[in-house]
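Undergrad: Dropping a structure here in structure tokens format, bear with me for questions.
The values are calculated or read from the model by the stated rules, or taken from the named source; none is laboratory data. Nothing here was measured: the structure is a model prediction, and the numbers come from that model. For neighbour counting, all protein chains shown are included, and Cβ atoms are generated from backbone atoms with ideal geometry for every residue, glycine included.
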Amino acid sequence: MPSYRSVADLIAEQITAGRWAPGDRLPTHRQLAAEFGIAIATATRVYAELKRTGVVVGEPGRGTFVRDRSVRLVSPEYGPGADTVWADLSITQPFSRRRSELLRAALRELATAGELDAVLRQPPPGGRPHERRAAAGYPARLGIEAEAERVFLTSGAQHGLDLVLRATLAPGDAVAVDELTYPGFRMLAEAQRLDLVPIPADGDGPDLTALAQACARRRLRAVYTMPTLHNPLGWVLNAAARAELIALARKHDLLLIEDAAYAFLADPAPPPLAALAPERTFWVSSISKSVSAGLRFGLLVTPASARNALSRIVRTTMAGPSSLVTALVVRWLSDGTLADLEAASRAAAAEHQRILRRELDGRPMRAHPRSYFAWLPVDPGQRMDRVAAELSRRGIRVSTADLFATTPHVPHGLRLAVGSLSPRDLPNALAVVRDVLDDIPL
């Protein structure tokens with residue numbers, strides 16, 4: 001009996017050779033099993049592998065279809081970009097005209113203050129003590145009281161998440177995640193061979209009843225969550241749901257991995273999990289979404305019990321954070337520049353959301369009113385890959401649901417990252433999105 005991988009490879013080769021064209025419906029699981037002499041469970045694994053590698057797309061109730069490969073499966077945040085894109089609605093980054101000016105001014109100040117010699121010396125892993133003390137002031141504004149020894153300076157939020165997984169989990173450990181979640185975490189989990197347990201959404205947050213049932217069925221080690229401005233759905237978990245999540249975590253001894261990359265946009269918001277359950281919460285943030293993704297700087301606040309384990313892992317992954325970037329950020333933390341940039345980003349995001357709702361008026365979507373992005377459901381009859389492919393042909397890049405999905409059946413939807421375009425250019429890009437959705441028949 002052939003293995004599921006060999007059957008998946010053969011089908012992929014047949015698709016490449018033209019046996020099936022983009023949009024063609026593939027045999028049912030039962031038909032595939034009969035054709036290759038395999039069990040139906042093996043046929044299910046074949047299609048799961050083809051979905052994972054981006055060859056096919058599954059549609060609940062309709063079947064499995066050959067994916068249109070002219071649309072890229074990865075956003076430029078995670079892969080190479082195309083040369084023909086004139087409006088990139090897949091990258092979540094702040095639109096700001098001030099960043100370059102502020103950077104030039106800060107570099108001049110560092111030079112004139114005689115600090116350049118200091119930034120040329122190698123820092124200790126996790127950052128210098130005075131820098132960690134200064135950085136601890138940032139989460140303290142949110143109610144996260146942490147001594148400097150629990151604050152680690154990282155090379156961005158992705159590095160922070162990687163540190164947490166390496167320090168606390170082992171291959172085969174089960175981690176609860178949302179059915180749609182941050183792709184970077186999914187990639188880290190796959191690389192470290194963790195078992196992701198998808199939790200469905202229930203309004204503005206995860207279905208905590210489903211999480212409790214998952215805990216009853218098997219041993220979970222952690223929950224990865226974005227309670228304050230979820231990517232890609234934009235929800236903010238209310239105070240009661242946060243308390244219920246923490247109660248579940250304490251009952252089942254779960255670690256909480258709190259991704260706060262976009263939390264600054266949702267100010268004000270309920271207290272972070274790290275303020276409510278500091279004994280089990282790892283709080284991860286960065287300046288990528290408020291200042292620049294090119295300045296790799298992040299913060300990781302760890303429970304006191306995990307401090308030593310984090311210290312050991314930090315030493316194995318980096319000699320220390322960038323001294324120059326750290327000096328810049330600490331200066332901006334101290335003089336209020338970072339707070340000003342965050343406020344400007346909130347105002348810009350609100351303007352972009354108003355433009356989005358005006359240009360796509362009447363279309364269902366999910367978004368926080370001060371978010372860089374929106375979730376746009378696509379009718380299954382139109383197929384998200386067809387919509388994304390047509391947008392790509394017209395010079396618009398978007399992110400499709402499979403980038404975020406942790407379930408075999410992927411909902412039809414697009415994430416539109418509107419934050420990086422200027423208010424002048426955004427309406428033109430959204431007009432193309434509107435036209436494509438109107439042009440593709442159901």
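Undergrad: Which of the residues belonging to region 277-289 are crowded, with 24+ Cβ neighbours inside 10 Å and part of a loop (DSSP other than H, G, I, E, B)?
TA: Passing the criteria: I287, K289.
Undergrad: Right, another one. Quick check on S323: is it within 21 Å of the chain's Cα centre (by Cα) and buried (at least 17 other Cβ atoms within 10 Å of the Cβ)? Steps first, answer last, please.
TA: Details: within 21 Å of the chain's Cα centre (by Cα): no; buried (at least 17 other Cβ atoms within 10 Å of the Cβ): yes.
For S323, the condition - within 21 Å of the chain's Cα centre (by Cα) and buried (at least 17 other Cβ atoms within 10 Å of the Cβ) - is not met.
Undergrad: If the requirement is being within 22 Å of L416 (Cβ to Cβ), buried (at least 22 other Cβ atoms within 10 Å of the Cβ) and of a type in the set (A, V, I, L, M), which of these qualifies: A349, A260? Walk me through it before giving the result.
TA: On the way: A260 fails: within 22 Å of L416 (Cβ to Cβ).
The conditions single out A349.
Undergrad: Could you check I38 against (1) surrounded by 15 or more Cβ atoms within 10 Å (Cβ to Cβ); (2) modelled with pLDDT of 85 or more; (3) outside any loop (DSSP other than H, G, I, E, B) and say which number it fails?
TA: If we test I38 against (1) surrounded by 15 or more Cβ atoms within 10 Å (Cβ to Cβ); (2) modelled with pLDDT of 85 or more; (3) outside any loop (DSSP other than H, G, I, E, B), just (3) comes out false.
Undergrad: Which members of region 199-213 meet the condition of being surrounded by 15 or more Cβ atoms within 10 Å (Cβ to Cβ), among the small types (G, A, S) and closer than 17 Å to T228 by Cα?
TA: Matches in region 199-213: A201, G205.
Undergrad: Pairs please, first residue from region 21-47 and acidic (D, E), second anywhere and assigned to a loop (DSSP other than H, G, I, E, B), Cβ atoms under 9 Å, 6+ apart in sequence or on different chains.
TA: Pairs found: E35/P27.
Undergrad: Among the helices (runs of 4 or more DSSP H) lying completely within region 112-218, list those that include at least 1 residues that are touching a strand residue (DSSP E or B) at 6+ places or on another chain (Cβ under 7 Å) and closer than 21 Å to W332 by Cα. Don't jump to the end; show me each part of the working.
TA: Values: elements: 116-119, 129-140, 157-168, 183-191, 208-217.
Because the criterion is at least 1 residues that are touching a strand residue (DSSP E or B) at 6+ places or on another chain (Cβ under 7 Å) and closer than 21 Å to W332 by Cα, the helices (runs of 4 or more DSSP H) in region 112-218 that meet it are 129-140, 157-168.
Undergrad: Further question: Please work out which residue is surrounded by the most Cβ atoms within 10 Å (Cβ to Cβ), limiting yourself to region 326-344 and to residues that are of a type in the set (S, T, N, Q) and over 12 Å from S155 (Cα atoms).
TA: Applying the filter and picking the extreme gives T337.
Undergrad: Right, next: State whether one or more residues within region 244-257 are part of a loop (DSSP other than H, G, I, E, B), of a type in the set (A, V, I, L, M), farther than 20 Å from T302 by Cβ and in contact with a strand residue (DSSP E or B) (Cβ under 6 Å, 6 or more places away or on another chain).
TA: The initial filter retains those residues of region 244-257 that are part of a loop (DSSP other than H, G, I, E, B), namely 253-254.
Then keep just the ones that are of a type in the set (A, V, I, L, M); that gives 254.
With the extra rule that they be farther than 20 Å from T302 by Cβ, the set shrinks to none.
No: zero hits.
Undergrad: Sort through A304, A266, A274 and tell me the only one that's in contact (Cβ under 8 Å) with a residue 40 or more places away in the chain, of a type in the set (G, A, S), surrounded by fewer than 24 Cβ atoms within 10 Å (Cβ to Cβ) and within 19 Å of A135 (Cβ to Cβ). Quick ask: steps written out before the conclusion?
TA: Numbers: A266 fails: within 19 Å of A135 (Cβ to Cβ); A274 fails: surrounded by fewer than 24 Cβ atoms within 10 Å (Cβ to Cβ).
Step by step, each of A304, A266, A274 is checked, and only A304 is in contact (Cβ under 8 Å) with a residue 40 or more places away in the chain, of a type in the set (G, A, S), surrounded by fewer than 24 Cβ atoms within 10 Å (Cβ to Cβ) and within 19 Å of A135 (Cβ to Cβ).
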